[in-house]
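Worksheet: the structure to be examined is printed underneath.
Taken together, the values in this text are just the output of simple stated rules run on the coordinates, not laboratory data. None of the values given here were measured: they were computed from a predicted structure. With ideal geometry, Cβ positions are generated from the backbone for all residues, glycine too; neighbour counts draw on all protein chains shown.
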């Protein structure tokens with residue numbers, strides 16, 4: 001206020017401006033004493049460490065909830081598949097900047113597709129890394145976006161978040177892989193529980209063959225590119241929270 005600075009929840013705990021100010025700057029830039037510097041911190045209420053016995057606690061300020069829906073096409077003969085559409089919906093607390101929010105959601109979703117479809121280190125039987133660069137350890141680019149993408153924001157204000165917002169940057173990546181696995185399972189019955197999910201992995205699952213060890217193999221990962229599936233295909237929809 002006009003008299004000084006005080007703690008919001010303890011107004012008696014205050015200090016005057018005269019006590020704070022230890023210096024003065026003249027119009028020509030010369031000064032007497034030091035600058036007026038304010039330092040503050042905020043500690044969220046109700047946080048706790050995890051209990052050593054139960055593992056329960058509240059170590060984080062907020063929890064972001066969301067879900068992904070995926071439509072993909074799968075060739076029931078070869079195992080080739082293409083992601084046609086991805087819809088992402090997240091409770092973001094409060095939308096502060098719609099365009100930045102959409103970018104965060106789509107960026108995380110594309111990262112999730114990369115993890116699910118093509119990314120992964122490959123080693124030989126002696127533990128030598130076979131794909132140490134982006135040339136042979138493919139990551140998705142903007143050209144690898146599905147044919148249709150949708151970002152949906154749900155707003156339930158976070159009381160102690162900035163302007164009611166909560167974090168959403170990492171979350172759009174997490175549930176993409178299980179949503180894709182569910183979509184492929186719904187289409188052709190291929191039950192996959194590992195990443196990356198390559199066409200050969202889908203084919204092996206359909207044929208009830210032993211899956212490839214993704215960590216010790218000479219099988220190339222291939223490209224993240226979502227391409228039209230040749231031959232017959234089945235549409236599939238799957239949702240994963």
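By the count of neighbouring beta-carbon atoms within 10 Å, fewest first, 130, 50, 192 end up ordered 50, 130, 192. When peptides 175-181, 150-156 are sorted by average Cβ neighbour count within 10 Å, with the highest value leading, the order is 175-181, 150-156.
What's the FRET efficiency of residue 210 with residue 142 using the Cβ-Cβ distance as r and R₀ = 30 Å, to the nearest 0.05? Walk me through the intermediate numbers first.
Details: r = 36 Å, r/R0 = 1.20.
That gives a FRET efficiency of 0.25.
Potential lengthening of the chain between residue 170 and residue 97 amounts to 24.6 nm, from the contour at 0.36 nm per residue minus the alpha-carbon distance. Please work out whether the stretch 70-134 counts as rounded, prolate or oblate from its C-alpha gyration tensor, where a ≥ b ≥ c are the square roots of the eigenvalues and a/c under 1.5 means rounded, while otherwise a/b larger than b/c means prolate and anything else oblate? Oblate.
So for 171, 128, 194, fewest C-beta neighbours within 10 Å to most, what's the order? Write out the running numbers ahead of the final one.
On the way: 171 21, 128 9, 194 14.
Lowest to highest Cβ neighbour count: 128, 194, 171.
Backbone N atoms of the stretch 92-133 closer than 20 Å to the 7 Å Cα→Cβ label point of residue 58 belong to residues 92-94. Residue order for 54, 141, 64, fewest other beta carbons within 10 angstrom first, comes to 54, 141, 64. Hey, with R₀ at 41 Å, roughly what FRET efficiency would residue 17 and residue 159 work out to, going by the Cβ-Cβ distance, to 0.05? E between residue 17 and residue 159, to the nearest 0.05, is 0.85.
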